[in-house]
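Participant: Provided herewith is a single structure, encoded as structure tokens, for subsequent inquiry.
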């Protein structure tokens, strides 16, 4: 453990083995930082914040600061960040509110580009990417391997399913299904995130099956509720189909993100040569 002499680490804070705390960092008394982390410089961590092993945190990051909620009355609440995360310059992550359960959770191996934000009481999964200035409001849920493009925003209580992609400059006002691709200023469902599904080793047979299910559910005849009921016979056809149906059936605060009109399936990312897992500011 190395702590720069200009850093301020309050009594009670726990700093893991082989962790370095750079110049002008401020670490609060209730903070726990795991082993082999690197706080480069001018990082501010407060509240009951825990950070897993192997995280790298860049200058001007602020973690565990009070939730931006009128319900907050100064209570000591939590922010939990998993292992192996990269948190770039000026990222902010707020602690939870008592009304929302008191904790904001971020999973392992997340890559948070500069100026991205995780609001209070959010639940963010593993292996996510938040591009530059991607923002999720309070109480949002973001599934594993989700990708939020630059300057995207998700309204509070929105759910973004696993392996979904929100394209740059979009605003998600409704829940985006797992494996979904959402695009547009007021985001609508544009198809499946095929590029990411291929990277997760979906076979051609599985892709064809899930694409057919998607077409039937979102572009078939009749109203959506009827199509949803008719599609349930495919529940056991593929785990991805079961995951989408479970996501739709779960209790939710927001409506479901839908296509604006019937269109051909759009291939996420790779259609324009964009690989959403490349860790550059898309």
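Residue by residue, here is whether (1) over 19 Å from residue 112 (Cα atoms); (2) crowded, with 21+ Cβ neighbours inside 10 Å; (3) touching a strand residue (DSSP E or B) at 6+ places or on another chain (Cβ under 6 Å) holds:
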{"site": "21", "(1), (2), (3)": "yes, yes, yes"}
{"site": "27", "(1), (2), (3)": "yes, yes, yes"}
{"site": "30", "(1), (2), (3)": "yes, no, yes"}
{"site": "54", "(1), (2), (3)": "no, no, no"}
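Participant: Restricting to the stretch 95-112, and then to whatever is crowded, with 24+ Cβ neighbours inside 10 Å and in contact (Cβ under 8 Å) with a residue 40 or more places away in the chain, can you tell me which residue is nearest to residue 73 (Cα to Cα)?
Facilitator: 97
Participant: Does residue 243 qualify as being in a helix (DSSP H, G or I) and under 19 Å from the mean Cα position of the chain (by Cα)? Before the answer, list the steps.
Facilitator: Details: in a helix (DSSP H, G or I): yes; under 19 Å from the mean Cα position of the chain (by Cα): yes.
So residue 243 passes the test.
Participant: For the stretch 168-186, which positions are within 16 Å of the chain's Cα centre (by Cα), over 15 Å from residue 240 (Cα atoms) and part of a loop (DSSP other than H, G, I, E, B)?
Facilitator: 168, 169, 170, 173, 174
Participant: Right, here's the next one. Can you pull out the residues in the stretch 214-229 that are under 15 Å from residue 190 (Cβ atoms) and not in a helix (DSSP H, G or I)?
Facilitator: Once the filter is applied, which keeps residues that are under 15 Å from residue 190 (Cβ atoms) and not in a helix (DSSP H, G or I), the stretch 214-229 yields nothing.
Participant: Please enumerate the residues belonging to the stretch 196-206 that are part of a helix (DSSP H, G or I) and either under 20 Å from residue 246 (Cβ atoms) or over 25 Å from the mean Cα position of the chain (by Cα) (or both). If you could, list the steps in order and put the result at the bottom.
Facilitator: In the first step, residues of the stretch 196-206 are kept if they are part of a helix (DSSP H, G or I); the result is 196-199, 204-206.
Passing the criteria: 196, 197, 204, 205, 206.
Participant: Could you run through the stretch 61-81 and say how many residues are farther than 23 Å from residue 98 by Cα and surrounded by fewer than 16 Cβ atoms within 10 Å (Cβ to Cβ)?
Facilitator: Kept after step one, since they are farther than 23 Å from residue 98 by Cα, are these residues of the stretch 61-81: 61.
Keeping just the survivors that are surrounded by fewer than 16 Cβ atoms within 10 Å (Cβ to Cβ) gives none.
Residues in the stretch 61-81 being farther than 23 Å from residue 98 by Cα and surrounded by fewer than 16 Cβ atoms within 10 Å (Cβ to Cβ): 0 in total.
Participant: If you check residue 211 against the conditions, is it more than 14 Å from the chain's Cα centre (by Cα), modelled with pLDDT of 95 or more, surrounded by fewer than 19 Cβ atoms within 10 Å (Cβ to Cβ) and not in a strand (DSSP E or B)? Outline the logic, then answer.
Facilitator: On the way: more than 14 Å from the chain's Cα centre (by Cα): yes; modelled with pLDDT of 95 or more: yes; surrounded by fewer than 19 Cβ atoms within 10 Å (Cβ to Cβ): yes; not in a strand (DSSP E or B): yes.
Against the criterion (more than 14 Å from the chain's Cα centre (by Cα), modelled with pLDDT of 95 or more, surrounded by fewer than 19 Cβ atoms within 10 Å (Cβ to Cβ) and not in a strand (DSSP E or B)), residue 211 qualifies.
The values are calculated or read from the model by the stated rules, or taken from the named source; none is laboratory data. What you see is a predicted model, and the numbers here were worked out from it, not measured in a lab. No Cβ is skipped: glycine too gets one built from the backbone with ideal geometry, and neighbour counts run over all protein chains shown.
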